Each structure stands twice: as C-alpha cells, then as structure tokens.
Amino acid sequence: MQENLRDIGVEATQRAEEFLSRENPSGICQLLDGVWLSRFNSNQMVIYQKHATFAREFPLLKTQEQIPLVIPGLTQINPFWGMRAEWVEPPITDFERGDWTLYLDGTAVNDLRLTSADTAERFVFMSHEEKRIKIGDLFTDKKVFPPARPAWPVLRSGDQILWLPGLKRSNLALVTGQSKKILRLTLKKIDPTE
C-alpha cells in the first residue's frame, strides 16, 4: 500500500462493511480514490489499487495484445501462464475433461491466436441450439473477477472466436469421428523460473 493510504477513514470501512454484508457480494466497491474492494473468487475478497496486476492469479494478456499460437509447443501468455498445443492421433477415446483444456478439429482452424477480450463482442457458444452471448454477459454469469475481464484471453481462428479458456467454447471446429487431425490445447500455470 502507498504511504498515503495507511490511515483509512470510517467512511471507507463502512462502505466495505456494507458491501461484505450482502448475501452474495459481487461487483466492485470503491473504498477510496483509486482503491477498490471486489470478489476474487467464491470465498475470497481483495482490496486493490488502480494499477494492480493479477497475472499470477489469472491468464491475462496485455489489453489489445495478439499472440500467435505455437503449434506444437508452449505459448507464453504472461510470466505465469502458458498454453500448450499438441497434435493428438485420432480417434481419441479418453478426452481430458475440464474448462482449461480444448480439443479442436485441426483441419477446421487456421491463424490461431490469443487476443484480449472485447466485452461487447458476441459469439456462438456450444450448446444444443445456436445461442449468441456477449462476452461481457458471460463474464458476469461466470462471476469472472472484474479487473481481469479486459485482459482475459480469447482463442481465435481468423476472426472467429473458438474459446474463452476456463469459461466456454464455441460450436466451431468440433472434433468428430471424421476428424483427421486433432489439436489439444491446455491453458495452465507455468513455472516462471524454468
């Protein structure tokens, strides 16, 4: 904390108390000029300043950054997170499950890259029916930590959104029994000392 933030007045503590007393606190509460309180995950809150970075906790890109995917290999997103891309021989009988792993039909994608999120952009996510959703609405529904939203990675093939890691995939480039090339992508924390 900055030296001038050591003595916090009663108004800021009252705002924090009111915010935390809600049954399910969400969003952001401004405590002081340049200091906020927000839900970090389901059971933690965080107090932070305007220029705080959360790259250690989340797979964040720099705003407006575009990173081409290394295939096969590891694409470093920030010093703490990377995306591993590897070709998998079909047929796949044992899919690795989870929000941080994605399988794609490798013949249906090109120009794979990661970009930061545009919360106003819409995409069609995988479901039984074609549903379009704004990325910002998805962030709200999934309770993504508000300061992380503008820098959240989006996987694209050309101009098409394929995946918001940890959240939702699109209905594009799905692996089928006819897929000849399968690409497995896994987003995970990496050891910055390696």
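Miscellaneous remarks
- Cross-link pairs Lys142/Lys180; Lys50/Lys143; Lys62/Lys189; Lys134/Lys180 - those with Cα-Cα distance over 28 Å: Lys142/Lys180; Lys134/Lys180
- Ligands, DNA and RNA left out, the 1.4 Å accessible surface of the chain is 46% carbon and sulfur atoms.
- Accessible area of segment 94-194 divided out per residue, in Å², using a probe of 1.4 angstrom: 53 Å²
- Neighbourhood net charge (14 Å Cβ-Cβ; Lys/Arg +1, Asp/Glu -1) for Pro25: +1
The values are calculated or read from the model by the stated rules, or taken from the named source; none is laboratory data. Computed from a predicted model, the values in this text were never measured in an experiment. Methodologically, a virtual Cβ is constructed for each residue, glycine included, from the backbone with ideal geometry; neighbour enumeration extends over all protein chains shown. For accessibility, only protein heavy atoms count, side chains too; no ligands or nucleic acids. Shrake-Rupley method; radii C 1.70, N 1.55, O 1.52, S 1.80 Å.
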